[in-house]
Amino acid sequence: MIWNQHIETMEREEMRTLQGERLQSMVERIYHNVPFYRKKLQEQGIEPGDITSIDHLRHLPFTTKQDLRDNYPFSLFAVPQEQIVRLHASSGTTGKPTVVGYTHRDIQTWSEVVARSLTMAGVTRNDIIQVAYGYGLFTGGLGLHYGAEHLGASVIPISGGNTKKQLQLMQDFGSTVIACTPSYAAFLGEAIRQEHIAPGDIKLKAGIFGAEPWTEEMRQEIQELLGITAFDIYGLSEIIGPGVSMECSAQQGMHIFEDHFIPEIINPDTGEVLPYGELGELVFTPVSKEALPLLRYRTRDLTRLHAETCDCGRTLVRMEKCVGRSDDMLIIRGVNVFPSQVESVLLEMNETTPHYLLIVNREHNLDTLEIQVEVQDQFFSDEIAELEALQKRILHNIQSTLGISARVKLVEPRTIERSAGKAQRVIDNRNL
Ligand code: DLL
């Protein structure tokens with residue numbers, strides 16, 4: 001099933017024409033309504049009339065998270081406040097939150113892309129969807145909520161946390177779809193086992209997981225734990241929230257809804273646009289957003305784009321699972337390490353749980369990495385020798401994959417803190 005056949009299977013040339021028209025109208029709007037952009041465009045000698053095709057996109061200036069901070073809270077909005085019907089915000093690690101606004105039409109666009117996303121995962125109006133993303137300033141809960149209602153599914157707006165209640169309603173209401181972060185999904189799966197709930201009492205068939213990076217190995221783990229098909233959904237508040245892109249049943253990357261969000265991959269150091277297939281920083285231009293249209297927003301997420309038609313029949317460009325964010329990348333003794341690489345190594349071994357923590361320190365001017373990971377119940381024995389052997393195997397695999405040594409600390413099941421939202425995987429004590 002395809003929610004919007006016309007858009008999702010559109011020929012490339014027709015899509016490019018549509019994107020060009022929308023870009024042109026967007027530049028016109030921001031030039032006249034957002035002083036920040038008028039100034040930026042004027043500095044580069046660009047007039048709205050100069051933009052006549054999508055090929056001109058690469059000549060336009062970038063927007064960064066810092067620009068949003070500098071214009072806190074509303075100065076990048078392109079419409080008067082009376083047209084804003086919703087505000088969301090994401091809290092950064094430092095300073096003020098990033099604030100985003102929506103007009104009535106923006107909410108409709110958002111509902112449309114989330115309905116397309118859910119349809120990709122096989123969700124229909126006959127499904128009961130348990131939305132366990134946080135409701136509130138975070139875009140996950142309300143984003144999935146409106147999209148699922150637009151689709152016509154029955155929504156359980158339970159929000160994140162309160163695991164006992166999640167399991168109770170899941171059984172009593174017969175939820176067929178769960179939407180939450182992959183780390184919380186792993187936790188729910190674990191809780192189902194612990195409570196000895198019979199598989200027949202759970203009707204789940206699909207999971208809509210995103211908001212944080214997760215690996216193929218994590219997908220296998222969650223699918224087994226919950227007995228479902230796990231789908232990846234991507235998005236960020238600045239562009240709209242969840243529903244910027246979504247995986248279909250072919251599970252070969254996430255289709256970007258590029259009639260609304262035009263993607264580019266750039267070299268993060270030079271800003272140069274890279275061809276399809278190359279790894280770089282993902283950049284989006286949300287061309288149809290009314291309240292907060294951003295020019296070439298730098299996401300910091302690292303991935304690749306592919307333009308071939310998918311087995312599902314959709315022509316929309318696909319992005320690979322994110323490797324991570326450039327600001328999540330750890331540089332340990334000069335070696336680049338992404339938490340997702342550690343996750344792959346650990347889960348491939350099948351002896352640990354999907355709960356781990358990376359702790360980075362600097363001792364005598366030397367970086368150290370400690371990997372804390374929970375051992376599965378059945379492997380956790382008091383036999384020191386066995387645990388030591390497991391520790392050695394993990395260390396060996398980490399060394400051969402990442403090229404650096406680490407301290408591996410095996411911890412008891414259920415001792416690493418669980419999160420109902422985005423998991424905190426790294427503690428970097430180096431104050432770099
Ligand atoms: O996390 C929106 C969202 C909610 C997406 C629910 C999916 C599901 P922010 O809080 O603004 O918005 O965080 C955006 O999260 O730049 C990525 O680094 C990361 N992220 C989001 N989805 C994925 C994903 C929401 N599927 C930031 N895989 C983004 C990897 C993801 N990273």
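Read the figures in this text as sums done on the coordinates, not as results from a lab. Source: prediction; values computed, not measured. Every residue, glycine as well, gets a Cβ built from its backbone with ideal geometry; the counts of neighbours run over all protein chains shown.
Odds and ends about this structure:
- For I240, neighbours were defined as the other residues whose beta-carbon sits under 14 Å from its Cβ, and their charges (Lys and Arg +1, Asp and Glu -1) total -2.
- Nitroxide proxy distance, nm - points 7 Å out along Cα→Cβ at Q378 and N33: 5.8 nm
- When all alpha carbon pairs of the stretch 24-131 are counted in 10 Å bins from zero, the resulting P(r) reads 12, 31, 33, 18, 5, 0 %.
- Counting only Cβ charges, +1 for Lys and Arg and -1 for Asp and Glu, the dipole size of the stretch 335-428 around its Cα centre is about 340 debye.
- The 3J(HN,Hα) values that the Karplus relation (6.51, -1.76, 1.60; θ = phi - 60°) gives for the stretch 45-56 are, in residue order, x, 9, 10, x, x, 6, 8, 10, 8, 5, 5, 7 Hz. Gly and Pro appear as x.
- Structure-based [θ]222 nm, the chain - -39500 (n - 2.57) summed over DSSP H runs of at least 4, per residue, nearest 500: -9500 deg cm²/dmol
- Max mean-square fluctuation residue, GNM over the chain, Cα-Cα springs under 10 Å, options G243, G134, G200: G200
- Relative contact order %, the chain, counting alpha carbon pairs below 8 Å whose residues are six or more apart: 14 percent
- Förster radius 25 Å - calculated FRET efficiency between N336 and R393 (Cβ-Cβ, nearest 0.05): 0.55
- Taking amide H atoms as placed 1.01 Å from N in the peptide plane, the amide H of K409 lies under 5 Å from those of I371, Q372, V373, each 5 or more residues away in sequence or on another chain.
- For V426, distant residues with modelled amide H under 5 Å away: L358
- Rounded to the nearest whole Hz, the Karplus-based 3J(HN,Hα) values (6.51 cos²θ - 1.76 cosθ + 1.60, θ = phi - 60°) of the stretch 78-91 follow the sequence 9, 10, x, 4, 4, 8, 7, 10, 8, 10, 10, 8, 10, 8, with x at glycine and proline.
- Full extension of the chain between E272 and D172 gives 30.7 nm of extra length, using 0.36 nm per residue less the Cα-Cα distance.
- Interchain or long-range residues, amide H under 5 Å from I262's placed H: T285, V287
- Listed residues F379, F338, F138, most fluctuating in the chain (Gaussian network, C-alpha, under 10 Å): F379
- Top positive-direction residue, dipole computed over the chain with Cβ charges, set L295, V283, G271: L295
- Proximal charge balance of T124 [Cβ under 15 Å; K/R count +1, D/E count -1]: +2
- Here the simple spin-label model places points 7 Å from the Cα toward Cβ, and for D327 and N4 these points are separated by 2.9 nm.
- Considering only the Cα atoms of the chain, their convex hull presents on average a projected area of 21.6 nm².
- You can think of it this way: the chain between V426 and D311 has 37.7 nm of extra reach, that is 0.36 nm per residue less the Cα-Cα gap.
- More than 23 Å apart - percent of Cα-Cα pairs taken over the stretch 146-231: 16 percent
- Sequence-distant lysines (8 or more away, or on other chains) whose Cα lies within less than 30 Å of K40: K65, K96, K289
- 14 Å beta-carbon shell around Y102, net charge (K/R +1, D/E -1): -2
- Highest mobility in the GNM of the chain, judged by mean-square fluctuation with C-alpha springs under 10 Å and restricted to P48, P293, P80, is found for P80.
- Set K165/K203; K205/K422; K321/K392; K164/K409 screened for pairs whose C-alpha atoms are more than 19 Å apart: K205/K422; K321/K392; K164/K409
- Point-charge dipole on Cβ atoms (K/R +1, D/E -1) for the stretch 81-327, about Cα centre, debye to 20: 560 debye
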